[in-house]
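Engineer: I'd like to ask you about the structure that follows.
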Amino acid sequence: LAGPALRNRLAGLKVLLLNVSRAVTRDVLITFSPTEGPRMPNMTEKGKAGKIQLPREMFQSLSSRTVRVVVTVLNIQQLHMFKEVNQTGRVLDNTVVGITVGEMSISGLRDPVQLTFAHGQLPPGVTRQCVFWDLSKGTAGGWSISGCVTQPGDKGTVCSCDHLTFFTLLLNPVLDRSTAQALMAVATAGCGVAMAFSIFTIAFCILLRCRFRLEETLRINLGLHVNLGGSLLFLNLAFLLNSGLSNGTQPWTCKVLGGLTHYCLLCCFTWTALEGFHFYLLFVKVLGTYIHHYLAKLCLVGWGFPALIVVVAGATGSYGEYRIQTVDHQLIARLCWITSKHLLVHYITNCGYFGLIFLFNMAVFGVVTQKSCCLQATGAVQGDRKAWKVALVAAGLFCLLGATWALMFLTYGTSSAPVLYIFTILNSLQGIFIFIWLVVLYYPKTKETTGSLSHIIRHDKTATVSQD
């Protein structure tokens with residue numbers, strides 16, 4: 001009875017024995033693969049095997065002895081070994097490589113051991129991490145990264161470690177179930193707070209528009225902020241409806257909800273672009289050209305252009321149920337969004353569209369910052385200009401132009417959970433930042449005209465005309 005069980009356990013174990021002495025003058029190179037085990041380089045098909053490079057430093061302390069280097073390749077799926085409690089990552093090809101040199105315990109190498117794990121294109125949503133089995137973790141051991149450095153590549157990953165033991169490449173999901181649930185809770189709470197401050201922003205801007213009816217420039221500024229606050233309000237509301245109603249909805253309802261969420265997101269992006277365009281006119285053109293029905297035309301673009309994109313995307317059947325899954329295909333959440341079959345629509349209409357807006361708005365941000373510094377240097381701006389207030393206004397302008405959304409370019413593929421948390425929190429707080437920015441920038445207008453943005457623009461325009 002013990003014979004078949006033993007054969008099954010040894011089926012996933014492949015060993016290479018190699019005698020090495022101090023006379024080694026260069027690094028020892030060994031190749032391995034999950035199917036063929038460890039071999040010398042000329043005995044393995046090129047390009048499809050991993051590599052092990054042992055530095056000659058390891059053998060310099062052997063004096064005249066010859067030691068046996070043992071390289072073991074284990075298939076842990078067959079052996080049922082190296083299973084960590086509550087492990088969320090997946091071992092690449094279920095392969096663990098063990099290296100021992102005689103009976104010595106080797107650690108603290110200046111020239112590290114290098115293991116190259118060969119692989120093709122990895123699935124999206126995973127991070128690569130070189131790990132070793134640490135017997136001191138828990139009761140039966142666990143994976144650890146101490147002393148190992150991960151160097152990702154297109155066709156393989158290099159693990160550089162300063163000691164010898166059992167190594168593998170762990171594929172960790174960016175989103176596991178607990179992280180996804182925590183992110184959803186943070187996003188839901190943040191959306192509620194953002195909706196409240198979006199309402200405060202709209203009310204504050206409407207109040208100022210009614211108070212200063214005769215100042216056209218200020219009315220246009222506040223009108224833009226009202227529309228941006230409205231787009232943020234609708235986006236957060238659409239997200240809350242999506243997360244609450246996406247489970248168990250009819251297909252046509254999910255398509256409508258996905259299109260509505262996409263429309264609100266595109267409106268938010270478009271209004272940040274229009275804010276940047278308006279700031280360009282204020283600080284560069286100094287409103288030298290007056291546009292008839294200027295705010296109405298901006299509203300037509302801000303609310304109409306995203307509708308055109310959504311209609312075209314909806315005509316191609318892009319909207320429906322979108323599933324967020326872990327690496328091992330466990331369902332995390334369902335959303336009504338752009339389906340997985342039409343991800344190109346997402347890359348073009350969301351990533352590409354926002355990428356162009358982000359580049360334009362960052363250029364405007366640089367011009368506005370440079371212009372403001374010049375105005376302060378020439379004495380155009382008078383009054384209390386404390387450092388904290390200037391920094392707060394700059395940070396608010398940064399959020400007003402949608403810079404916090406740029407983190408979405410870091411949340412794909414090899415991103416980590418902290419980046420996702422930062423992205424979720426900052427975008428949830430965007431409405432708060434904008435409200436604080438508006439209060440700091442415009443509230444002094446009610447007490448002191450010289451502190452307002454319109455006064456700076458008027459002063460700069462007057463100075464330009466007088467110089468001409």
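Engineer: Quick one: if you take sqrt(5λ) for each eigenvalue of the C-alpha gyration tensor of region 168-321, what semi-axes come out, biggest first, whole angstrom?
Structural biologist: Working through the eigenvalues yields semi-axes of 35, 19, 16 Å.
Engineer: While we're looking at this one, here's another question. Can you tell me how much longer the chain between residue 134 and residue 182 gets when fully stretched, taken as 0.36 nm per residue apart minus their C-alpha distance, in nm with one decimal?
Structural biologist: Here the answer is 14.4 nm.
Engineer: How much FRET efficiency would the formula 1/(1 + (r/R0)^6) give for residue 15 and residue 162, where r is the Cβ-Cβ distance and R0 is 25 Å, rounded to 0.05?
Structural biologist: Rounded to the nearest 0.05, the efficiency is 0.60.
Engineer: Looking at region 201-274, which trypsin sites (Lys or Arg not before Pro) are DSSP coil and have at most 10 other C-beta atoms within 10 Å of their C-beta? Walk me through the numbers on the way to the answer.
Structural biologist: Working: sites: 209, 211, 213, 219, 255; in loops: 213.
Within region 201-274, the qualifying trypsin sites (Lys or Arg not before Pro) (loop, at most 10 other Cβ atoms within 10 Å) are 213.
Engineer: Once you put a point 7 Å from the Cα of residue 291 and another 7 Å from the Cα of residue 154, both along the Cβ direction, what distance in nm separates them?
Structural biologist: Between residue 291 and residue 154, the label points sit 4.3 nm apart.
Engineer: Would you mind computing, in nm to one decimal, how far apart the modelled labels at residue 240 and residue 87 are, each placed 7 Å from Cα along Cα→Cβ?
Structural biologist: 4.3 nm
Engineer: Over the residues of region 4-173, compute the C-alpha Rg and express it relative to 2.2 N^0.38 Å.
Structural biologist: Cα-based Rg divided by the globular estimate yields 1.02.
Engineer: How high is the FRET efficiency between residue 103 and residue 80 when r is their beta carbon distance and R₀ equals 25 Å, given to the nearest 0.05? Present the calculation step by step, with values, prior to reporting the outcome.
Structural biologist: On the way: r = 27 Å, r/R0 = 1.09.
That gives a FRET efficiency of 0.40.
Engineer: Would you tell me the accessible area of residue 428, worked out with a 1.4 angstrom probe on the heavy atoms of the protein chains, in Å² to the nearest 10?
Structural biologist: Roughly 10 Å² of residue 428 is accessible to a 1.4 Å probe.
Engineer: Okay, next question. Which FRET efficiency value, to the nearest 0.05, do you get for residue 247 and residue 312 by plugging their Cβ-Cβ distance into 1/(1 + (r/R0)^6) with R0 = 25 Å?
Structural biologist: Values: r = 28 Å, r/R0 = 1.12.
So, using R0 = 25 Å, E works out to roughly 0.35.
Engineer: Here is a further query. Starting at the first residue of region 126-139, write each ³J(HN,Hα) from the Karplus equation 6.51 cos²θ - 1.76 cosθ + 1.60 with θ = phi - 60°, in whole Hz, x for Gly and Pro.
Structural biologist: Once rounded to whole Hz, the list reads 10, 10, 8, 8, 7, 9, 9, 7, 9, 5, 7, 8, x, 8.
Engineer: Separate question: Find how many whole Å separate the alpha carbon centroid of region 238-311 from the alpha carbon centroid of region 127-190.
Structural biologist: So the separation of the two Cα centres works out to 40 Å.
The values are calculated or read from the model by the stated rules, or taken from the named source; none is laboratory data. This is a predicted model, so every value here is computed, not measured. Positions of Cβ are generated from backbone atoms using ideal geometry, with glycine treated the same way; all protein chains shown enter the neighbour counts. The protein model used for the area step is the full one, side chains on, heavy atoms only, and it has no ligands, DNA or RNA in it. Shrake-Rupley method; radii C 1.70, N 1.55, O 1.52, S 1.80 Å.
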